[in-house]
Each structure stands twice: as C-alpha cells, then as structure tokens.
1. Helix B:381-397 against the longest principal axis of chain B: what's the angle in degrees, Cα atoms only, rounded to the nearest 10?
2. Quick check: the angle from helix B:303-319's long axis to the longest principal axis of chain B, C-alpha only, nearest 10 degrees?
3. Using only alpha carbon pairs under 8 Å that are at least six residues apart, calculate the relative contact order of the range B:339-515 and give it in whole percent.
4. Rg and Dmax of the range B:432-481 over Cα atoms: what are they, in angstrom?
5. Let me know the mean shielding of B:480-486 by other chains, meaning the per-residue number of their Cβ atoms within 10 Å of its Cβ.
6. Kindly state, to the nearest 0.05, the FRET efficiency for residue B:505 paired with residue A:654, given R0 = 30 Å and r defined as their beta-carbon distance.
7. Going by accessible area, probe 1.4 Å, with all protein chains left in place, what is the ranking of A:273, B:92, largest first?
8. With r defined as the distance between the Cβ atoms of residue B:261 and residue A:511 and R0 fixed at 60 Å, what FRET efficiency is calculated, to the nearest 0.05?
Amino acid sequence: MGKAKAAGARRKASGAPSGARRGPAKACPNPFEVKVNRQKFQILGRKTRHDVGLPGVSRARAIRKRTQTLLKEYKERDKSNVFRDKRFGEYNSNISAEEKMMKRFALEQQRHHEKKSIYNLNEDEELTHYGQSLADIEKHNDIVDSDSDVEERGTLSAELTASHFGGGSRLLHPKTFQQEGEEGEQPKSRKELIEELIAKSKQEKRERQAQREDALELTEKLDQDWKEIQTLLSHKTPKSENRDKKEKPKPDAYDMMVRELGFEMKAQPSNRMKTEEELAHEEQERLRKLEAERLRRMLGKDEDENFKKPKHMSADDLNDGFVLDKDDRRLLSYKDGKMNVEEDVQEEQRQEASGDKSEEDESEGSSGEDPEESDGPESHSDLASDVESEEENEKPEKEHQSPGKASITRGQKARNAASTELPYTFAAPESYEELRSLLSGRSMEEQLLVVERIQKCNHPSLAVGNKAKLEKLFGFLLEYVGDLATDDPPDLRVIDKLVVQLYSLCQMFPESASDSVKFVLRDAMHEMEEMIENKGRAALPGLDVLIYLKIVGLLFPTSDFWHPVVTPALVCMSQLLTKCPVLSLQDVVKGLFVCCLFLEYVSLSQRFIPELVNYILGILYMATPNKQSQGYALVHPFRARGKNSELLLVSDREDVATWQRSSLSLRWASGLRTQTATEANHIRLSCVAVGLSLLKHCVLMYSTLPSFHAITTPLRALLTEHLVDCSHPRELQELSQSILTEMENQKQLHRPLTCEKSKPVPLKLFTPRLVKVLEFGKKQGSSKEEQERKKLIHKHKREFKGAVREIRKDNQFLARMQLSEIMERDAERKRKVRQLFNSLATQEGEWKALKRKKFKK
Amino acid sequence: MEREPGPEGARRALGRWLEAVLASRGQANAVFDILAVLQSEDQEEVREAVRTCSRLFGALLERGELFVGQLPSEETVMAGSRGAMRKYQVWMRHRYHSCCNRLGELLAHSSFQVKELALSTLMKFVQLEGTHPLEKPKWEGNYLFPRKLFKVVLGGLLSPEEDHSLLLSQFREHLEYDDIRYHTMQAAADALARVADRDPEVSLTFWNNAFTLLSAVSLPRQGRNLSNFYVPRSGPSDKWKVAHLREHRKAFQAMWLSFLKHKLPLSLYKKVLVITHDAILPHMAQPTLLIDFLSSAYDLGGAVSLLALNGLFVLMHKHNLEYPDFYRKLYGLLDPSIFHVKYRARFFHLADLFLSSSHLPAYLVAAFAKRLARLALTAPPEALLMVLPFICNLLRRHPACRVLVHRPQGPELDADPYDPAEEDPAKSRALESCLWELQALQRHYHPEVSKAASVINQVLSVPEVSIAPLLELTAYELFEQDLNKGPRPVPLEFVPAQGLLGRQDDLCTQHFTLS
C-alpha cells in the first residue's frame, strides 16, 4: 500500500510542474503544493478566505513577474535611450482600425502639406489616386509612362527589397562581387551600399520626371497646334463648346421635376374626419367622464388614494411642466366650406365671446401684416424695429386666420383703420403696473383684445419662458379685476368678459392659478381677521372680495368634498356671514350676494350651511317691526333690537304698492347713490324678495335633511309673523305662504339612529419582532458614517501593509539579483585570474625549461 | 428777586432761590417765589419748579427743619411768642403742606410728563417722610407711615374726570413694595367708600381708574414674611401689620368688597368677572364673601353668567359651595349665541369640567348633548369642530346616553320627542330622542365638520378626544389650515365660464344683475 501511495504521489509530482507551468491551473492543484490552514474552531457565519493556499505557485508567479518588470528596469537603469513608438494611435484601443488609418492618413497629408513652401500661395493640393496625380491620369498620357515605369520599378524594387530586407544575402553577394569586379578589391560596407542605392533611385526618378515633362510639353504643343488647325477647319466647333458650357448650369426642367418629386414628402395618412354625431358623442362622453369624476370627488371617498397615486412621468420628461395632453397640431378640416381652424371648444367659445368684431379685426390684421401689401410702418407702430421677432410671434395669430379672406378693398380699409388699431403683439407684462398701463383708458372690447393677444403671443408652446409669463398674467388679471371692482362705479362689464380669459388661463395653469387665488383670499381674510381682533367685528369687505369669491366658484369645482381653493373660500364666506354686522342697505345687498354664492357653491353637492339659514333669518327679521320674538333667536351678527334691526322695514304704503320685483344690482354693493326714499324702499323690498326666494331654495334643498324641522322652526315662526303683519306686497306674501306650505308638507319620519356594525376585533397576534442581528466582526454600535470611516481606515491599513510587504520583497529580489551578479562577476574574475596564473605558470615553466636547457647546454 | 422770562430764565432763577433758601433761613421767603412758579401755565416751568421743590423739601426733610408733631395753625404760632426756630419750622411745614397739595393737583395736569414728575416727586416725599416722620412716635418702634400724604397721591390717581391708566401703570412699579401695596389697599378702600357716599352718580372714568388700580394689586401667594419696604426701615418688626400677609389679605378683601358693593357698569362687571377666579378669589381672606356677588351675576343671564361660572366653579370646587339648580341654570345658558360670544372657549372648558363627572344622571347628560346638537345647527364651522367632539365625549363618558346615537330596535317617530323650550333638563325627554342633528351635519359643507359628525356612524371609540386644542380655534386658523395643506392636485371646473354671474339658470343670475 505504501508503495502504491508513493507511486501515485510520484505520478502526481511529475504532473505538477506541467500544471504549474500552465499557470494557476485551479482545476487540479498539486496536493503537495497545497497548504491548508487548519481552523481550530468552526465558527458559524465566518467567511474564511485563507484556508487553502498555493505558496509555491504564488511565489513562482511573483518571481516571474519581478523578472519581467523589476529586473528589466534594474538592468536598464543606466541606459538613457529609449525606443518610442510614434505610430499614431498604435496602442489606443478606443479607435477602430479604419479610423486609425484615416487619422494617420490625415497626419501624413498634413506633414506633406507643411513641407511645401509657405510662400507659394496658389499651390493647390493635388488629388491623387494610388499615389498618382488625378490631373495626370485625366490626361491619359502617362499610361505609357507607367507601363515603362512598372518595368523599371519592378527590377529596381527587386533590388531594393533585396537590399532592405536582408533575405537576399545571396542576391547581395553576387552584386558585391560585381562591384568588387568593377571598382576594386575593397568590399563595400552595408551603409555605402544603401547610399549608393538611394542615389541611384533618386537619379532614376529625376530622369523619369524630366521625361514626363517633356512628354507633357509635347502634348500641349500638339493640342495648341490642333486648336489652330481646328479653327481653320470649321466655325461651328467653338459654338458647340459654348453650348456645352451653358447646358451644364441649366438642368432640364423635367429632370428637376422628377427629382423634386422623388424627394417630396409623402402624404401621411390621417384620421378620418369625424361626423357631427361622432363629435357630439365624443363630447358627451367627455362630459360624462368629467361628471363622474366630479361626483367621486364630491363624496370625498378616495381622496387619499387619488392623492397617493404618482403621476406617470416619461423618462424623457424635462420636468418643465410641459404636458402634451392637447395635441397642438391640428388636422386640416373643413366646416361649411370654410377651414375649421378652431378645434377646442373653449377656443371656439372664446371666439364667440370676443364676438364678430375681433374676427374682423384679425382679418384686417392679416391684410395689414402681409409683407407684400404693407407699405408703411404705420401698422406696426411701435414694433417696427424688429420685424423678424414680431413675425415669429405672430405665428399663432396667422394660424387662426383664414387665408385669402381679405379682399383688396377690405385690405384698403384695414390699412386706414390700422393707424388707430392696437398693436398686434404685446410683451407679457412683468408687473401689475405694466398691465394696468396697457389696459387703462381703453374700451371694453379693446381691453379684451389686448388680453387675448397677450395670451396668444405668449403661448407656452412658442418659447420657454412663456409659461411663467402667462402664470404671472393670471395673477395680474386677478388684481386688475379687483381694482375694477373697487373702482367707483365698478366696471362690472369688463370683469364679466375677463372672467372668460381667467377661465382659460386657469385651465392652462391650474397650480399657479390656484396659488394666486389663494393669495387673494388670504389677503381678504387677513384684513378681516385684523379688524375682528381689534374691534371684535369686521365690516363686510368691498365688492372685490365678493367678485373673487364668485370667480373661485367659476374656476374650480365647488362640489368637491375637499378642494384646495374652494374649501378656504367657503370658510371665508362663512366668516362674512357670521362676523360682519349688517349696518346699511348696501351691506344687505352684499350679504345676500354672499348667500347666493354660498348656495350656488353647494347647489350640486346639496350640503348644509348653518350660517346661511341664520343669515336669512336675520335679514327677514329686519323686515319686520321689532317685537318680542317668539320661537326663534337671532345670533351674531344680528341683534333683536338696536339701530339696524328694522333696516328693511317699509312703512310707506304707497311704495309698497308701486313696487315691482326686479333683480338686485351688484353696483349697489359698492355704494348706493343718492336715492329718493321710494327708490330705497323699492330696493328694500327687492332685498326681502331675494331673501325669501333664497329661503325657498334652501327649504327645497334641505328638505331631505334628517333634522329639517329643527332647522326650519325659527324660520317658520318668523314667516308666520310676516304673514300676520300683512304689510308686504302681494307677491311677497304669496312667496312666504308657499314657503310655509312647503315646510309643512315636508313630513318626515324620524328613524332612530343606529351605528354601523363594526367588525369584531380580531385577537391580537403576536408577530415576532424582527431585530437586526449584528454580525460578528463588524464594527458595531456606531452610525453608518462612522462604520464607513472605520472600514476605510481598515482598508487603508491593509493596503499600506501590503505595499510595504511588496516593497520589501522587491528589495529582497533586487538584493538577490545583485548578489548573484556579484557572485557571477567574482567567479568570472577568479576564472580569469586562474587562467592568467595558468598561462603565467606555463610561461614560467617554459621559460624555466628553456633556461634549464640552456644550462644543460 | 427778578427773573427773566422763559423756562431757561425760570430755571436759573429757581436755582438761585433754592440755594438762597437752603443757605440761610433769612432768605426763606424765596419759597413763595418757588411755589408761585408751581402755579405757572407753562409746563416747562412747572416741571422745573417741581424738580426744585423736590430738591428743596427733600433737603429740608433730611435736615429735620420741618416741624414734627401735630401741626398748629400758622396764625397762632406766628402770633405766639415761641422761639424763632419753632416759628420757622411751623411756617416751613405749612409751605411743605401747600406744596404737596399743589403736587396732588398737578396729577390731573394735561401733560403726562408733568403728571409723571409730580407722581415720582410725591413718592419721593413719601419715602423721605417715612424715614424722617413728621409725627412723634408714640412708643419705641412705632410704625409710622405718611398716610395723609399717601391719601393725597391716591386721591389724585383715582380722579373721576380723567383716565389715568398710563399713570397707573407707572404707579404699578411701586406696588411691588409691600408697604406701599398695603397702604394703597387701605387708602383705596377709603377712597371708594368716600366717593360712593358723596355722590350716587359716579363717572365711568372713576370706576375704570379704580379697576385699573385694583387689578394692578397682586398679592404674593405664599406667606413668607414681607420685608420688601419702600420706606427703608432699620429693623422691621413682626409686630407691624404691614409685615403679615394675613393683614394684606384682609386689606385686599376690604378693598375689593368696597369696590364690588357698588353698582358697576356692565363692561366693568364683565372685566371684574374675567379676573375673579384667578386674581381675586385666591387672595381673599374669606372667599365665600364673594358668593353673593357671583350668584347674582350668574342669575343675570347672558355673557355675564358665563363669566360668573368660572368664579362659581372655584367656590364650589375649593370652598364647598352648594349651589341649588346649578345644572339647570347651566342648561339654560345654552342658547344659539353661545357659539358666537367672545368667551366661548372659557365656557366650554368649564362645561367640560362640570360634565366630566361620571355620577351625573343620564337624563341630564342626554339633555345637554341634545341641546348642544340642536344649537350646532346654527354654529359656524370653527365652533362645530369643537362642539361635535364635545358631544361625542359626553356620550363616551356616559354609556347610558349612547342610545342617542344607537337605538337598534327603536320605533319610528313622527316628530322629535325632545322639547327645546323646556327649561328643566329632566323634562326635556332628551333620552327618548336621537341626535339627528349630527346626521344632518354630516352633510355640512366643510369636510372636517362632516368627518367629525360622521364619527357617530361607527361605534364610538373608547378614548376621549381632547377638546383643549380645539377650544380656541378660530375661523382664520381653520382657513389657514386649509390653505396650507401642502401641494395637492387642483381639480378644475370643466363647465366653461361664460360670464361673471354664470349661466341662465344659476341663482346669481336670477337675483342679481351687473348693471
């Protein structure tokens, strides 16, 4: 057995060197080279990296590496000349082979170019093909030359190659013999040979060149001669030459056409034009979807999940807020024989709202703008300086214009009108003052037009900064609306029209629009809060705040369960109704307007507003003579008795008789002009009428509320008082009567309340608490950064040690090498000394022998 | 002696006179000149004169050149054949006296600077006179305080004509000294009694001044020995009344009682009630003396009752007050205005305390819950956010009341059995009713309110919701909360706007026109 083992071992040992020679052959390491670091204890979870090693192999590898690098360096330590490879990009693996060739070629060309005289200005670069000038090739005269060359070159090249690429020692020798024979006995050195060769080839080249020049000269001469003869031969030839020249620049029209057709864009297939029904259906579908969404928000069911859902973002999204939800490109479509340029509903509406006038203006504008027609700068009063940018800005305008609509006569007219016309482009205002200066002093239509044009000229698809500009514009417009409302008298008509613009801007930028509306609301609330803190009550704010509230209702969906703008607006209105005492008829109008708004806000969601019921109660109370109230209590801001508790009471019978029901004017809210007592009384009665009809609306709306009767009891008591009083006109009495019957008809069963059955609470499950187990060996109990730092320090230390070890080993290797060198040198010297001694000994011996011989002799 | 016109001249002249008087008694008649300037119209001159007087009499008091003891009338002394020194002292004391009176009058001067200067001068005199008493001590260690002089000061402060709140805030600094406080309380009690005796119609200004002064007095809480004296004393003795907190309390009580005895204007009444529980009651020697005052206020109704509630609570809680029909009255206080008054937070805080007992009968708690729910139908959102958790807390505390929100096998009713007009909670039949009002409020326009009202749809959770943070909630805070809810998507109206008033069938268009 022992033998067999030994034999096996030997076999393996014999196999080992080959394995080692093959390099780190991990497949079957020699077991005698394997060194196993035995572990004393098995430790769970510890990674052992050094349990098995091949010291011999790795040592051999290290030595090999050192001999290849360090030793080489050591040996070449005193040498200063180096071999440098200057081929371009030889070791650059980033450049592909073709590219490399290209670059090299370029470099070569450059070098070639540089060598030429810098004073020779009109020497063009010669184009070559296979190293031959293309000009020469064209002349077809050196074919013969090249042929002859080829022969010569062939022989020469054979010689040359033989001499250059030493392979032809046989070839060289005969030649040297020849030369020996020619010139003498001295064998020429290789250098001389090569110089000779070069001189020879140069000479040949010169000869060839001279020959070629001669040939060229000859042919040219021949050409000239021929031309002379040609003119003699016929007259037509120069003409034909001319024609040839002419034909070249002017290609055939047909060819041109063919080529153009070939390059022309192919017609793209587009969607079929939709029929009327389909469009209507689509619109209906859209509205239905929106309505469904509104309902969902109104119930406030999935408020959170909706919020959590992240918006999809494309990877290419620049995060600049640009959304391509509405395709800006328009399909060409026709409607009633006219080009249908407006696709969007809102666009259409805007068009309608701005009316025929604006359309006319635009068409006039088109004629005025037309560069061929416009002959004076009058149409571009202030923007004549940069026509280019203007035209760029006008693109959207042009889109909206139907071409060829403007007849010449109209164009003429337009030019006359253009002198008084508004400019067509407006820079977006940077501040509110700017906007105000743009708009002030203009008529309503002009103001609208200006705003519309600002909006169009700065459409966000036109330039990068336009989005921000238009966002600002919304804020400025809102401010402007506020200013208009506070003016005396308020310019409500302009506001009425501007609302449309605000709506469209809001649709474009909901976020910023909501921010500016919030800002306005916060301002109003802040003002009120300050007043309340100082005086305990606040006056009803001006018409502007009411208008803002109304605009909020127009821009945002008021039926949402929670809405970032509408909910604060509701709180604001509630403040108006609870904190602001009614001191004048003007306040009554404002209060009723707020009530009206409030009801409109909840008209879809049918929500309950306690303040509103109180307020209407208070307003109606003002219309009755003060007496001990029965069955109802007034709350803040109304008082049962006091200065204004009979504000709406009309005692004049005549005024009551002449009263006719009419709507309240919003102008009254900003200030009542001096009126006669009759007018004031009529307004009072109108207020009461509005109050009553709002009450009726409330009653109808809240009839389904569980505690409807509890809510309406005070109102019922007050209304019966009204009826008893009988001082009101018939119409109002009928109204109150109908409200009363409405209230009483509302019989409802009071079903006892029950809680929903809650799910049984499941037993508490003790799920294991997972704690991170810290591994052994890791640096524990410190923060992540600290750990990271420690890790780095540890790594550095190890690397440092490794480097020191390497350096030490290098030094050892070098020392070994030096030692072996010295030993070698010493051995050599010893050998030589011994040799010398030997020879000397033999000499001595010989000399002694000679001497002895002499003596013998 | 002559003097140039103008304040500059006056000052130089006053300086000369002052030096003359202080240098020799022969020049004493210059005092008349000084006192004459005190009567001047020019406030600049008056101020100079006051400063001069302060220096002059301060020096005289320190030198002891003023007559000590019972002051005889001027004529008798002048006529008498006593020594010249005594004559001089008596005469000077009379001048001092007239100077103090004039300074007291100056407290009502139109210029605040003059008032302030007069007050500080008088207080300086009080201090000096305290250290160099002008009375003969009756025995060794007798406590002497210039009471007469101090009365002049207080009389000036409690003027019936002018609002002295600024001056009183100056005076407040002196109230930190124990002796000043004690004598202030005594003098104020006297002054109040005197004023009321003299004239049944007292001006509002006087009451306001008095209230400002009285509310400025605050006693230290614990009974350590009081030794922080304005008038420096060599050895404060335990025998003095001033040094005992008990005496202070007595004086405090006497002062307030003399104040509250009178028929106060309503605004002041409220102000007093606001501070009663925390500034007056704890410092009274016998807090129960306030029972009459508080219970009459509680019976008055309205906001005054709400305020009296706090004081009453302290009395009931700490002093064993038995108040019949307390809860019935509390129930009566619940009317729609409760959500709109300024003291809403205070009231609900107390109501929460009163109803926190688990020993209250179920009918009572049910009546309160039902009443509050009824009132909630008229409340603004910020109040609703507070009162809805309040009601739910009541139901949580009293499981017997849960039938109000959970009556599984109850019969359907035609009308609400609850009688809102009934004053007795026991007869209101609240336990037979249900909180349909909360169900109605689930349709409130504000989302938070709607959520708060929807709590009753589920079984009420066990832990109570703390209403303390909700008590002071204002509409403005609610508004800010909604505005700052962080970035959320903004849904937009999809029905395009046509004009300011909206479409044809909208309410606004029906009732309003733009022209």
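1. Once rounded, one gets 70 degrees.
2. That works out to roughly 80 degrees.
3. Relative CO of the range B:339-515 lands at 25 percent.
4. Cα only, the range B:432-481: 12.8, 40 Å (Rg, Dmax).
5. 6
6. With a Förster radius of 30 Å, E is 0.30.
7. On the way: A:273 110, B:92 0 Å².
Sorted by accessible area, descending: A:273, B:92.
8. Details: r = 66 Å, r/R0 = 1.09.
The value I calculate is 0.35.
The values are calculated or read from the model by the stated rules, or taken from the named source; none is laboratory data. Bear in mind that the values here come from a model prediction, so they are computed numbers and not experimental data. Glycine also receives a Cβ, built like all others from the backbone with ideal geometry; neighbour counts cover every protein chain displayed. Protein only, heavy atoms only, side chains kept; ligands, DNA and RNA dropped before computing areas. Shrake-Rupley method; radii C 1.70, N 1.55, O 1.52, S 1.80 Å.
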